[in-house]
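A.B. asks: One structure follows; several queries about it will come next.
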Amino acid sequence: MQIDPELCIGCGQCVPYCPVGAISLGDSAAIDLDECAECGCCLRCADCPVEAIYQQEMEYPRTVRSILSDPLTIATESGISGRGTEEMKTNEVTARFKEGQVGVGIEVGRPVSGARFKDVEKIAQAMAAFGVEFEVCNPTTSLMSDPATGKFKDELLNEKVLSAILEFSVPQETLPEVLGALKAVAGKVDSVFTVCVACKADANEGIASYPYLDKAGVWYAPNGKTNVGLGRPLAKEA
Ligand code: SF4
Ligand code: SF4
């Protein structure tokens, strides 16, 4: 995103709308392009009185910032706007998470901190060591040069996004080790991340992942989502 200094009157109205603090104010406002995650918030929400904010022409790899940060940009890999797949964002509709497996979603970065792919890569590589298969429909996976090792394309490593989500599933017994590896890599990551664990609820035995979370010694907030239908689920388990 950019601001036309010839038009800007320095009113400062756009500054608080930037979630990563990329807009500075002097006689006129200016956007630090290295810090800007291309979320589109300033353009859409700040209501600039002189229409000085404009979307510059973007080329790859910068376009990746917009794909993962701007909720109005549709990722071709997932067919949805935003960073994850429908299973992680709303409802498990394709029976992806089988019995005995837990789905893991790791969201790296939040507004304020954002995340660069060199940090997303550190987490992806720590997870790849467990032989995980990153979800192919997730746009983040398509940005890897080698999903088997969690390596991202070199030209993306310094690109900044509001957040990127890694998705995969593991056998539930492996969960404590996976969470231990995440704790170990956390100190090396120059951002924040949250971890979401998803599994099928068993009518008799409840939430299968709880004992494994307890074994890992992590604090967790149990949340449930209920798929109320609307023509779904899209797949049936055999
Ligand atoms: S596009 Fe988003 S990140 Fe970039 S300057 Fe505007 S509000 Fe900030
Ligand atoms: S809202 Fe418009 S005029 Fe005001 S500081 Fe931002 S870019 Fe300049």
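The values are calculated or read from the model by the stated rules, or taken from the named source; none is laboratory data. Here the structure is a predicted model, which is why all the values come from computation and not from measurement. Here the Cβ is made from the backbone with ideal geometry for all residues, glycine too, and neighbour counts use every protein chain on show. Ligands, DNA and RNA are excluded from the accessible area calculation, which covers all protein heavy atoms including side chains. Shrake-Rupley method; radii C 1.70, N 1.55, O 1.52, S 1.80 Å.
A.B. asks: Which residue, 39, 199, 48, tops the fluctuation ranking in a GNM of the chain built on C-alpha contacts under 10 Å?
C.D. replies: In the Gaussian network model the winner is 48.
A.B. asks: Here's a follow-up. Expressed in nm², what is the orientationally averaged projection area of the convex hull enclosing the Cα positions of the chain?
C.D. replies: Mean orientational projected area (the chain, Cα hull): 14.8 nm².
A.B. asks: Then there's this: Once each part is reduced to its C-alpha centroid, what is the distance from the range 103-125 to the range 7-59 in angstrom?
C.D. replies: 25
A.B. asks: Separate question: Provide the per residue accessible area, probe 1.4 Å, for the chain, rounded to a whole number of square angstrom.
C.D. replies: Here the per-residue accessible area is 52 Å².
A.B. asks: Among 144, 157, 131, flag the residue with its Cα farthest along the positive direction of the charge dipole of the range 75-216, charges on Cβ as +1 for Lys/Arg and -1 for Asp/Glu.
C.D. replies: Checked the options; the winner is 157.
A.B. asks: Defining a contact as two alpha carbons under 8 Å apart and six or more residues distant in sequence, what relative contact order in percent does the chain show?
C.D. replies: Computed value for the chain: 21 percent relative contact order.
A.B. asks: Separate question: Angle check, please: helix 117-128 long axis (alpha carbons) against the longest principal axis of the chain (alpha carbons), in degrees 0 to 90, nearest 10.
C.D. replies: Tilt relative to the chain: about 10 degrees.
A.B. asks: Given a 1.4 angstrom probe, I'd like the percentage of the accessible area of the chain that is carbon and sulfur, rounded to a whole number.
C.D. replies: Accessible surface attributable to carbon and sulfur in the chain totals 53 percent.
A.B. asks: Need one number for the range 75-216: average projected area of the convex hull over its C-alpha atoms, nm². Present the calculation step by step, with values, prior to reporting the outcome.
C.D. replies: Numbers: hull surface 33.7 nm².
The Cα convex hull of the range 75-216, projected and averaged over all directions, gives 8.4 nm².
A.B. asks: Using only protein heavy atoms and a 1.4 Å probe, report how much of residue 96 is accessible, in Å² to the nearest 10.
C.D. replies: Taking all protein chains as shown, residue 96 has close to 50 Å².
A.B. asks: While we're looking at this one, here's another question. Restricting things to Cα coordinates, could you compute the convex hull volume per residue of the range 1-57 in Å³? Each step should come with its number before you reach the end.
C.D. replies: Numbers: hull volume 4.1 nm³, N = 57.
In the range 1-57, the Cα convex hull volume per residue is 72 Å³.
A.B. asks: Show which aspartates and glutamates lie in cross-link reach of residue 200 when reach means a straight Cα distance below 13 angstrom and same-chain residues fewer than eight apart are skipped.
C.D. replies: Cross-link targets: 87, 92, 99, 237.
A.B. asks: Ok, one more. From largest accessible area down, sort 24, 191; use a 1.4 Å probe on the protein chains. Could you put the intermediate results ahead of the total?
C.D. replies: On the way: 24 70, 191 25 Å².
The ordering from most to least exposed comes out as 24, 191.
A.B. asks: Okay, moving on. Between 156, 213, 25, where does the largest GNM mean-square fluctuation fall for the chain, given springs only between Cα atoms within less than 10 Å?
C.D. replies: Largest GNM mean-square fluctuation: 25.
A.B. asks: Turning to a different aspect of this structure: Would you calculate, for the chain, the mean residue ellipticity at 222 nm contributed by helices, counting each DSSP H stretch of 4 or more residues as -39,500 (n - 2.57) and dividing by all residues, to the nearest 500?
C.D. replies: -5000 deg cm²/dmol
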